[in-house]
């Protein structure tokens, strides 16, 4: 029987959401380096279910600009409040972490910093530039906040020449006011459109299981494709705590397969769609698809 929180029935978590570990020599080596040098990745702090698989592929994700977000989205476990000033040494520290871990593909994400005049754009650029200096062979992917869709701020980030620039739409338009804090569906589309028009490879991600319909998922995919997005990820929403939005439905692997085929039929270059898919899942594979 489903659990009940208030008047919301929460379905039982299905077997297909069990994490399958990918323990390899590559993974063990990355784990040893992380432990030895006390390196911080969102892969570990965010308890990502795909950490072992990605680390085995020498791919990892770092969160920059602190650990306190100025927004309080109802799907996200990141702490919200008043952040500390950005650490000016962070770009070089992240770059050295990438070198120590021997990463082939690095993903950067961040909290949203509405408290900063530039939203953290210059810090983003400096971090990409530092990684490039120390790791010229590594490819770099960004998952940026919406930056209020301000072209002059997005351009600061784009000028650092990352390989992929992503911004997550997160959910369908109808559910956005219930799920996201301050963020707007159309603002996110404007941010993605500007990224794509700049010539960068634009990427976005969508959570399902929040109560959206199949038609709404299709409309969101159409909107993303029309904005110029080339890479899209679709994954199951999992409730971080009882204070967050409840799961309305656990989407079956078969439906995820249908979503993936629909996205490819629309013209996306790449789509990762499965219950445990997250924004950076198989990120290096997505980049390779653009080069084919």
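Key figures
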{"item": "Close pairs from segment 141-152: first at negative phi and touching a residue at least 60 places away in the same chain (Cβ under 8 Å), partner in a helix (DSSP H, G or I) and surrounded by 24 or more Cβ atoms within 10 Å (Cβ to Cβ), Cβ under 6 Å, at least 6 apart", "result": "141/283"}
{"item": "Selected residue [within 19 Å of residue 277 (Cβ to Cβ) and out of contact with any helix residue (DSSP H, G or I) (no Cβ under 8 Å at 6 or more places or on another chain)] from 252, 241, 220", "result": "220"}
{"item": "Residue within segment 63-70 that is closer than 22 Å to residue 202 by Cβ, surrounded by 22 or more Cβ atoms within 10 Å (Cβ to Cβ) and either modelled with pLDDT under 95 or touching a helix residue (DSSP H, G or I) at 6+ places or on another chain (Cβ under 8 Å) (or both) present", "result": "yes"}
{"item": "Residue check, residue 235 in a loop (DSSP other than H, G, I, E, B), without any contact (Cβ under 8 Å) to a residue 60 or more places away in the chain and under 18 Å from the mean Cα position of the chain (by Cα)", "result": "no"}
{"item": "Segment 109-122, residues that are part of a helix (DSSP H, G or I) and surrounded by 23 or more Cβ atoms within 10 Å (Cβ to Cβ)", "result": "121"}
{"item": "Selection within segment 180-211 - out of contact with any helix residue (DSSP H, G or I) (no Cβ under 8 Å at 6 or more places or on another chain) and either in a loop (DSSP other than H, G, I, E, B) or at pLDDT below 95 (or both)", "result": "180, 181, 182, 199, 209, 211"}
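The values are calculated or read from the model by the stated rules, or taken from the named source; none is laboratory data. Computed from a predicted model, the values in this text were never measured in an experiment. FYI the Cβ positions are ideal-geometry reconstructions off the backbone, even for glycines, and counts take in every protein chain you see.
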